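Presented below is the structure to which this report refers.
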Amino acid sequence: MKVSEYMSTNVVTANLRDGLRQTFYRMRERDIRHMPVLGDDERLVGIISDRDLRHPDWVDDEENCAHYYLLDNAHKVESTMSKGPATVAPDDNLQRAVELVLDHKYGAVPVVDADQKLVGIISAIDLLRAFHDIDKG
């Protein structure tokens, strides 16, 4: 079974300069937990998750970090995203995506073509759906 059979192709993305507040609300409105981040050339440069927004690494940099939990648009996606995420290709076997999810505790893996252009995303839920389909078969 291939990644392309289970990936989502209607992917909501973020830009490096998007504000964290706007990103949080876009995720919430669309009921998604992961957003690939695209650079100016439309190539994948990172991924941001709802977990990143709940506790960004930089909140630990100051003693009194309570004000950082008030997400605002002054802080940008670039400051919080995971840079250079592992990816899969549409023709990769699902096993490759499963290994990345398990080995790195990812909730989703971006799917890119040979030019590193985003073509989809495959989540842990998508992989469970594939397992369910195999088990039914």
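Which entry is the computed semi-axes √(5λ) of the Cα gyration tensor in Å for this structure: (i) 23, 17, 13; (ii) 56, 21, 9; (iii) 29, 16, 13?
Evaluating semi-axes √(5λ) of the Cα gyration tensor in Å on these atoms matches (iii).
In whole angstrom, note down how far apart the Cα centers of region 78-95 and region 1-44 are.
Each part's Cα centre sits 12 Å from the other's.
Apply the Karplus curve 6.51 cos²θ - 1.76 cosθ + 1.60, θ = phi - 60°, to the phi angles in region 36-47 and return the couplings in whole Hz, x for Gly and Pro.
x, 10, 9, x, 4, 8, 6, 8, 5, 10, x, 8
Taking only C-alpha pairs under 8 Å that are 6+ residues apart, what is the relative contact order of region 3-136 in percent?
30 percent
Quickly estimate the mean residue ellipticity at 222 nm for the chain, helices only: each DSSP H run with n ≥ 4 gives -39500 (n - 2.57), and the total goes over all residues, rounded to 500. Please report the intermediate quantities before stating the final value.
Values: 4 runs with 40 residues, N = 137.
Theoretical 222 nm ellipticity from helices: -8500 deg cm²/dmol.
What ³J(HN,Hα) values, in whole Hz, does the Karplus curve 6.51 cos²θ - 1.76 cosθ + 1.60 give for region 107-124 when θ = phi - 60°, with x put for Gly and Pro?
x, 7, 10, x, 10, 10, 8, 4, 8, 6, 8, 5, 10, x, 8, 10, 9, 4
Quick check for you: which residues of region 1-27 have the amide N under 14 Å from the point 7 Å beyond the Cα of LYS136 toward its beta carbon?
Inside the label zone: 6.
Please rank MET1, MET7, fewest neighbouring Cβ atoms within 10 Å first, as an exposure proxy.
MET1, MET7
Check cross-link reach from LYS83 to the lysines: straight Cα distance under 25 Å, and skip same-chain residues fewer than eight apart.
Counting by Cα, and skipping residues close in sequence, LYS83 has these lysines nearby: LYS105, LYS117.
Values in this text are rule-based calculations from the coordinates and carry no lab data. Everything quoted here is computed from the prediction, not taken from an experiment. Neighbour counts are summed over all protein chains in view; Cβ atoms, including those assigned to glycine, are modelled from backbone coordinates with ideal geometry.
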